[in-house]
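Taking it in order: structure first as structure tokens, then the write-up.
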């Protein structure tokens, strides 16, 4: 069953609209006709078996992966995959979305502070002083005030992921995309990242989270998307779907992850 | 005798330095060529690299010295030497830099692009500096090799160390000693370069150690 979030949570602005998204790698179709809408200030969790196309949807949203067809709209910036678009449009779309990766992808040759401040200078044209100040404020919010002069590889995985979150937030994105943010971390260390994400959700940030953390999906997200075989098979209230999934593939998947 | 050999040092050093500058600058267009997604551009760059590398330095120098005239004037011995060494260096250095760039993880490009960085920032701030660190040991090793290869310039009459040692040996008959002195000077010049390179490498890799 697919419930549109607009019907369940009326009166919220649509920040992200993905329409008719399709993508294949050679002969292999990874996404076909994916449609989704994300409302302002909500957390959308995406779950499903690996290979379902969850990460590809996320990576198509900021054009890290070029879709074969379909349109992506984030905060009014629209890109139609089948039309030519300018670099200017591409950068505008990317700037409106912040992305957090499974493997953090911090810049190893810069201090933690520079990791967070340099993109602000290059992308938003902030001065170094302004960027450093904002970086410090965000690192403090992430509980990493004392790590500024360290290099990323001297930090634990959980700290690195929080730095990556700070780096993305520093550009004031409209929506945050999380691509399995805790999958490379020990369960215990993953918790500190989830805490930060909960705090971020509570502050009203619009978030799309690809995850295998079922309790996060159930308790924090307002909208749940289940994907399988390159398409969305179920969408709606997370508690409803987890309690009584309607699609047999969802039932199978949830049995596997919840009863282990 | 020592003074005779030492008098060749300025030319040895300047042939090496100028050739390294020519090689480094020349390697950049070749580098863009072999990183290009355009098949034709790639093929042309690949061809130039294989051609430049395939011809021995001494042959390059002879061709440039005896065969090339610009506006009626022949290339000077110094000019032919640095150009010959520079051409071969450009080809080798392009390969060294290409290897260094391919060692930078794909996640680095993705993170930089996802942040909305322009290609200029992606290369200038993220990929370039990381690749340069990887390239330093190979680059200095090549530089030390070039210092020794600069002796090939003696074959077309550039009065660097080997040229002077050779003429000293011929006039006095003291063959072995003068070349031992020259050998010692090559070592004395190249060891500090190697030490500096290793220091830089240790310092940089300590910072970004995995």
Could you work out the helix-only [θ] at 222 nm for the protein assembly as shown, with each DSSP H run of four or more residues adding -39,500 (n - 2.57) and the total divided by the number of residues, to the nearest 500 deg cm²/dmol? -17500 deg cm²/dmol
Specify whether the C-alpha gyration tensor of the range A:207-260 places it in the rounded, prolate or oblate class, a ≥ b ≥ c being the square roots of the eigenvalues: rounded for a/c under 1.5, otherwise prolate if a/b is larger than b/c and oblate if not. rounded
Order of A:239, A:174, B:203, A:147 under a 10 Å beta carbon neighbour criterion, fewest first: B:203, A:239, A:174, A:147
How far is the Cα center of the range A:1-34 from the Cα center of the range B:159-193, in Å? 75 Å
Counting only DSSP beta bridges with both residues in chain A, tell me the antiparallel percent, nearest 5. 55 percent
Counting other C-beta atoms within 10 Å, which of B:110, A:89 has the fewest, and how do the rest follow? A:89, B:110
In nm, give the distance between the simple-model label positions of residue B:76 and residue A:13, each being 7 Å from the Cα along the Cα-to-Cβ direction. 6.9 nm
Cα convex hull of chain A - mean projected area over all directions, nm²: 14.1 nm²
quick note, the protein assembly as shown, DSSP beta bridge pairs, % antiparallel (nearest 5) is 55 percent
If a/c stays under 1.5 just call it rounded; otherwise compare a/b with b/c (prolate if a/b is bigger, oblate if not). Do that for the range A:21-87, with a ≥ b ≥ c from the square roots of the Cα gyration tensor eigenvalues. oblate
Rounded to the nearest Å, what's the spacing between the alpha carbon centres of the range B:1-77 and the range A:160-202? Just the number, please. 51 Å
Footprinting exposure proxy for B:152, A:208, B:9 (fewest neighbouring C-beta atoms within 10 Å first): B:9, B:152, A:208
What's the Kirkwood radius of chain B in Å, using all Cα pairs? 19.2 Å
Average projected area [Cα convex hull, the protein assembly as shown], square nanometres: 29.3 nm²
Specify whether the C-alpha gyration tensor of the range A:107-172 places it in the rounded, prolate or oblate class, a ≥ b ≥ c being the square roots of the eigenvalues: rounded for a/c under 1.5, otherwise prolate if a/b is larger than b/c and oblate if not. prolate
Rounded Å value of the spacing that divides the Cα centres of the range B:101-152 and the range A:92-149: 23 Å
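Since every read-out is calculated from the coordinates, none of them should be taken as a lab result. Model, not experiment: these values are computed from the prediction. Reconstructed Cβ throughout: ideal geometry from the backbone, glycine too, with neighbour counts over all protein chains shown.
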